[in-house]
1. Sort out which residues of the range 1-32 are buried (at least 16 other Cβ atoms within 10 Å of the Cβ) and charged (D, E, K, R), and write them in order of number.
2. Do you know which of the residues in the range 58-73 that are closer than 29 Å to L294 by Cβ and not acidic (D, E) is surrounded by the most Cβ atoms within 10 Å (Cβ to Cβ)?
3. From the list I180, I223, I176, which residue is at pLDDT 95 or above and closer than 23 Å to A45 by Cα?
4. So, in the range 172-185, how many residues would count as being away from the ligand (no atom under 12 Å from the Cβ) and assigned to a loop (DSSP other than H, G, I, E, B)?
5. State all residues of the range 74-95 that are touching a residue at least 40 places away in the same chain (Cβ under 8 Å) and open to solvent by less than 60 Å² (accessible area, probe 1.4 Å); if no residue qualifies, say none.
6. Could you count how many residues in the range 193-222 are part of a strand (DSSP E or B), surrounded by 23 or more Cβ atoms within 10 Å (Cβ to Cβ) and within 15 Å of the chain's Cα centre (by Cα)?
Amino acid sequence: MSNYDALYRQLAAMGQERWAEQLQAILPDKLALESTAKMAGWQSAMQSLPEIHPSRIELLDSVSIGSSDDLGQLDRQELMAHLQAFHPWRKGPYNFFGIEIDTEWRSDWKWERVLPHIQPLTGRKVLDVGCGNGYHGWRMRGAGADFVLGIEPFLLSVQQFQVMQRYLRDPQHHVIPIGIEEVPPNLACFDSVFSMGVLYHRRSPLDHLFELKGCLRPGGELILETLIVEGDRETIFMPPGRYAKMRNVWFIPSIAAMTLWLERCGFTGIACVDTNRTSREEQRSTEWMRFESLADFLDPDDAQKTIEGHPAPLRAIFTATKP
Ligand SMILES: C[S@@+](CC[C@H](N)C(=O)[O-])C[C@H]1O[C@@H](n2cnc3c(N)ncnc32)[C@H](O)[C@@H]1O
């Protein structure tokens with residue numbers, strides 16, 4: 001894993017010495033999970049990654065590291081095999097020294113829907129909750145964020161972040177293997193807090209909103225992206241079992257219900273800035289994610305429905321302010 005010293009220093013500079021100390025105590029235990037067989041495989045692939053110095057880095061319009069010329073005599077197929085050891089690659093895409101990591105999701109499309117509607121990120125300290133492999137965090141840095149901390153309990157995603165970080169060497173972007181429930185309450189130190197694709201996985205969505213609010217400084221901005229359903233303020237859909245084959249989907253609100261939740265949790269300036277029906281072009285199987293994807297999760301005869309007969313994935317982006 002990366003050296004977290006820069007992270008601890010940054011947190012201390014934000015008045016969060018105590019949290020930095022707590023993280024210093026818990027992160028080694030999280031990383032001890034790396035002794036599993038899977039983790040051993042990832043570690044060995046990580047060690048096999050060659051030393052390459054990227055001649056160029058692009059984070060504003062895409063995440064693109066180096067060019068194929070930087071590889072010199074290195075075997076491109078071998079490099080691809082090392083990257084494939086971190087399969088499945090869900091969030092991206094990445095251009096990695098000319099290798100297109102064509103991930104399951106076009107996460108860049110989500111970012112294009114988000115970015116025009118949020119407070120400019122220049123100089124901001126950002127928390128990205130459920131950041132996956134940190135794809136959006138790189139785009140946040142490209143958009144001028146001063147510091148991005150991603151939290152992500154799924155260790156493979158943290159490893160994928162480390163693959164990129166190994167070449168990008170960015171002391172102002174970190175992804176740590178913790179969930180939102182492990183973040184101390186009322187840190188009140190982030191200018192922007194993102195929660196994208198997380199709320200419907202939480203059994204207690206209102207507590208999730210209070211947790212997010214606690215991370216924000218007064219005047220800070222919440223950017224929340226979630227599945228929604230059509231309906232009025234009374235409409236909140238709880239799937240009786242799986243939703244699009246996912247076992248861990250709990251509450252899917254309508255726009256009006258989500259707005260009410262945000263109001264009840266004390267946010268102001270609430271706006272729903274985008275809605276989007278997820279397409280088979282945005283979420284699909286690729287050579288970098290060879291498992292099932294959206295096409296397998298929808299009713300083959302009616303794309304408006306999931307395979308279970310529920311409304312097909314419709315997503316919305318909300319912005320709101322902590323007073
Ligand atoms: C649907 S993905 C969204 C990833 C990314 N934010 C995006 O919008 O593309 C949800 C992510 O939240 C993570 N997650 C699940 N439970 C979490 C928790 N308790 N705290 C933080 N993240 C969590 C998952 O591991 C997963 O990477």
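1. Within the range 1-32, just K30 meets the criteria.
2. Here is the first cut: in the range 58-73, the residues closer than 29 Å to L294 by Cβ are 58-65.
Now drop any that are not not acidic (D, E), which leaves 59-60, 62-65.
Working: L59: 19, L60: 12, S62: 15, V63: 27, S64: 20, I65: 24.
Only one residue tops the list, namely V63.
3. The conditions single out I176.
4. 3
5. L83, Q84, A85, F86, H87, P88, W89, G92, Y94
6. So the count comes out to 4.
Let's see how each residue does on (1) open to solvent by 10 Å² or more (accessible area, probe 1.4 Å); (2) away from the ligand (no atom under 14 Å from the Cβ); (3) at positive phi:
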| residue | (1), (2), (3) |
| --- | --- |
| E152 | yes, no, no |
| S157 | yes, no, no |
| M164 | no, yes, no |
| D170 | yes, yes, no |
| L187 | yes, yes, no |
| D191 | yes, yes, no |
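Conditions (1) surrounded by 15 or more Cβ atoms within 10 Å (Cβ to Cβ); (2) more than 15 Å from G197 (Cβ to Cβ); (3) modelled with pLDDT of 95 or more, marked per residue:
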{"residue": "M238", "(1), (2), (3)": "no, yes, yes"}
{"residue": "Y243", "(1), (2), (3)": "yes, no, yes"}
{"residue": "R247", "(1), (2), (3)": "no, yes, yes"}
{"residue": "F251", "(1), (2), (3)": "yes, no, yes"}
{"residue": "S254", "(1), (2), (3)": "yes, yes, yes"}
{"residue": "T259", "(1), (2), (3)": "yes, yes, yes"}
{"residue": "I270", "(1), (2), (3)": "yes, yes, yes"}
{"residue": "D274", "(1), (2), (3)": "yes, no, yes"}
{"residue": "S279", "(1), (2), (3)": "no, yes, yes"}
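The values are calculated or read from the model by the stated rules, or taken from the named source; none is laboratory data. Predicted model, so just to flag it, every value in this text is computed and none were measured. Because the Cβ atoms are built from the backbone with ideal geometry, glycine has one as well, and the counts that use them run over all protein chains shown. Calculation scope for accessible area: heavy atoms of the full protein, side chains included, ligands and nucleic acids excluded. Shrake-Rupley method; radii C 1.70, N 1.55, O 1.52, S 1.80 Å.
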